[in-house]
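Colleague: Let me begin by handing over the structure; questions about it come next.
What follows draws every value from the coordinates through simple rules; no lab data is involved. Predicted model only: the values in this text are computed from it and were never measured. Please note: Cβ atoms are built from the backbone with ideal geometry, for glycine as well, and neighbour counts cover all protein chains shown.
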Amino acid sequence: WTWLASALAAGVAWYHWKLLHQDKLKQRYELICDGHAGLIGNTPLIKLHSLSKATGCEIYAKAEFLNPGGSSKDRVAKGIVEDAEERGLLKPGGTIVEGTSGSTGISLALIARAKGYNCLIVMPDDQAKEKSDLLQQFGAVVEFVKPASIVNANHYVNQARQRANEIQGGYFADQFENEANCNVHYKTTGREIWEQTNGKIDAFVMSAGTGGTIAGVSLYLKHKNPNVQVVLADPPGSSLYNKVRYNVCYAAQQSERTVKRHRYDTIAEGIGIDRLTANFLKAKIDDAYAVTDQEAVDMSRYLLHNEGIFVGSSSSMNCVAAVHLARKLGPGHTIVTILCDSGQRHLTKFWNNEHLKKNWDLEPSVEMDSLSF
Ligand code: PMP
C-alpha cells in the first residue's frame, strides 16, 4: 500500500508539473507584446550541458542576448527612461544622453525610437565598430572621445554629463550612478532567476560593468535566501577583485586600472570598473574570481564548439567564473550566470583571431573535447 500511495503521489505531482509547464509554454507562445518594450526581459535560462557535465553541477545561463536590442541593457534602458518619465525629468521631444561603450547606447537608441525621444551617445573611439555603426543606424547621434581617465573632463561619461546640461530637454541617463539600473535588475532579472529555478539556486556569478546587474540580482536572491552565494567575475586591470577579496580598493577619482597598450588591459568590453559606482556599492558579493583574457577567449570557442552558443567577451568571462565556482562548490550545486550579448557584436575584435594575435598576443588554445579550466 505504501508503494502504491507513493507511486500515485508521484503521478499526481508529475501531472501538475506538466500542466504548469505546458501552461507557461502556451503563455509565451500566445503572448502579444505591448510594442518594443513588451519584448524586453523574461528571457529563458539555458542549461549549459557541456559545462554541467564536466563539473557535475547544473550550470544555467540567462539568455540576455535574446532581448530586442541584443543585450541585458534593454532592461536598464527601459528602467532608466521610465523612471525619468515618472520623475518628470524626461519630457516629450527630450534628448536621452549617455556615455557608454556600446550596449547601453544601443538599448537607449531603440527605446528613444520607440518612445519618440532623441538620443545622443558619447563613446570612446577604441570600441568595436559594430557598436557605433548600429547606434547610427538606430538614429542616435554618436560623438567619439579619446579614451581618458574618469578624473579627466574628456572621459566619455563626463562628456555625456556635460552635453546633457548643454542641450535643452537633455537627460543624462547616467547608468553607472543611476540606481534605476540596479532597481530594474532587482525587479526583473533577479525575480526571473529565482522563479525559473524554483528557488533551487546555490550561486549566481556575474562580472560588473556598472554593477547594476550583480547588485540587483544579488539583492533579490539574498532577500529570498541569504545563503545564495554571489560571486564576481573580474577581468584583468579591473579593481573590483581586490575590493571583494581583500577589501582593498583605490579611492574613487583615481585611475585604478593599469593602462598599457590599450584603454584597459583586458580584451573584455563593457566589464571591469575603475571606480566604485553607486550601483556596484549596492551589490552583496561573497567572493570574486580574476578571469584572464586567455580563459575568456578559450571559453567562447569552447561554448561555440560544444553548445552552438555564440557569445561576447563578458559572457565568456562569466562562464569561466561559473566553472571555477562549480569546481570549488563540488558536484550537485546549481549555478546561474548571464549571457550578456551575442558574439555578433564582437566579430572584429574578440572573435577575430588575427586581431587577437596582433593586438593582444592571444591565440585560442582550448581543447574542444575536454574542459581545461
Ligand atoms: N556585458 C556587457 C556586454 C556589457 O555591456 C555590460 C555593461 N556595460 C556588462 C556585461 C555588465 O553589466 P552591468 O553594467 O550591469 O554591470
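Colleague: What FRET efficiency comes out for the pair Asn154/Ala13, r = Cβ-Cβ distance, R0 = 51 Å, nearest 0.05?
Modeller: Working from the Cβ atoms, E equals 0.25.
Colleague: If you don't mind, there's one more thing I want to ask. What list of whole percents do you get for P(r) of segment 59-159, with Cα-Cα distances grouped in 5 Å bins up to the one holding the largest distance?
Modeller: 2, 14, 22, 22, 19, 13, 6, 2, 0
Colleague: Please report the antiparallel percentage of DSSP beta bridges with both residues in the chain, rounded to the nearest 5.
Modeller: Here the antiparallel bridges make up roughly 15 percent for the chain.
Colleague: Any chance you could run the full-extension gain for His223 through Gln136? It's 0.36 nm times the residue separation minus the Cα-Cα distance, nm to one decimal.
Modeller: So the extension gain works out to 27.3 nm.
Colleague: At 222 nm, what helix-only mean residue ellipticity would the chain give, in deg cm²/dmol to the nearest 500, using -39500 (n - 2.57) for each DSSP H run of four or more?
Modeller: -13000 deg cm²/dmol
Colleague: Can you give me the long-range amide H partners of Thr334? Hydrogens built in the peptide plane at 1.01 Å from N, cutoff under 5 Å, separation of 5 or more residues or another chain.
Modeller: Glu58, Asp202, Ala203
Colleague: Could you order the peptides 239-246, 126-133, 74-81, 357-364 from most to least packed, using the average number of other C-beta atoms within 10 Å per residue?
Modeller: 74-81, 239-246, 126-133, 357-364
Colleague: On to the next question. What is the sum of charges, Lys and Arg at +1 and Asp and Glu at -1, for the other residues whose Cβ falls under 12 Å from the Cβ of Ile46?
Modeller: Charge balance in the 12 Å sphere: -1.
Colleague: Relative to the compact globular guide of 2.2 N^0.38 Å, what is the alpha carbon radius of gyration of the chain, as a ratio?
Modeller: Dividing the Cα radius of gyration by 2.2 N^0.38 Å gives 1.01.
Colleague: Report the semi-axes of the equivalent ellipsoid for segment 1-138 in whole Å, largest first, where each axis is √(5λ) for an eigenvalue λ of the Cα gyration tensor.
Modeller: Semi-axes, largest first: 42, 21, 12 Å.
Colleague: On to the next question. Based on the mean of other Cβ atoms within 10 Å per residue, sort peptides 37-46, 179-188 so the most packed one is first. Can you show the working numbers first?
Modeller: Working: 37-46: 17.2, 179-188: 23.4.
Top of the packing list down: 179-188, 37-46.
Colleague: Measure nothing fancy, just the Cα-based angle from helix 212-224's long axis to the longest principal axis of the chain, in degrees from 0 to 90, nearest 10.
Modeller: Taking the Cα atoms of the chain, the angle to 212-224 is about 30 degrees.
Colleague: Sticking with this one: Considering only Leu110, Thr100, Ser52, whose Cα is most displaced toward the positive end of the charge dipole of segment 13-147, charges sitting on Cβ of Lys, Arg (+1) and Asp, Glu (-1)?
Modeller: So the residue we want is Ser52.
Colleague: Mind checking the angle between helix 313-329 and the chain's longest principal axis? C-alpha axes, 0 to 90 degrees, to the nearest 10.
Modeller: 40
Colleague: Also: Would you mind counting up the charge near Val205? Only other residues with Cβ under 12 Å from its Cβ, with Lys and Arg at +1 and Asp and Glu at -1.
Modeller: -2
Colleague: Any idea what angle helix 73-86 forms with the longest principal axis of the chain, computed on alpha-carbon atoms, 0 to 90 degrees, nearest 10?
Modeller: 70
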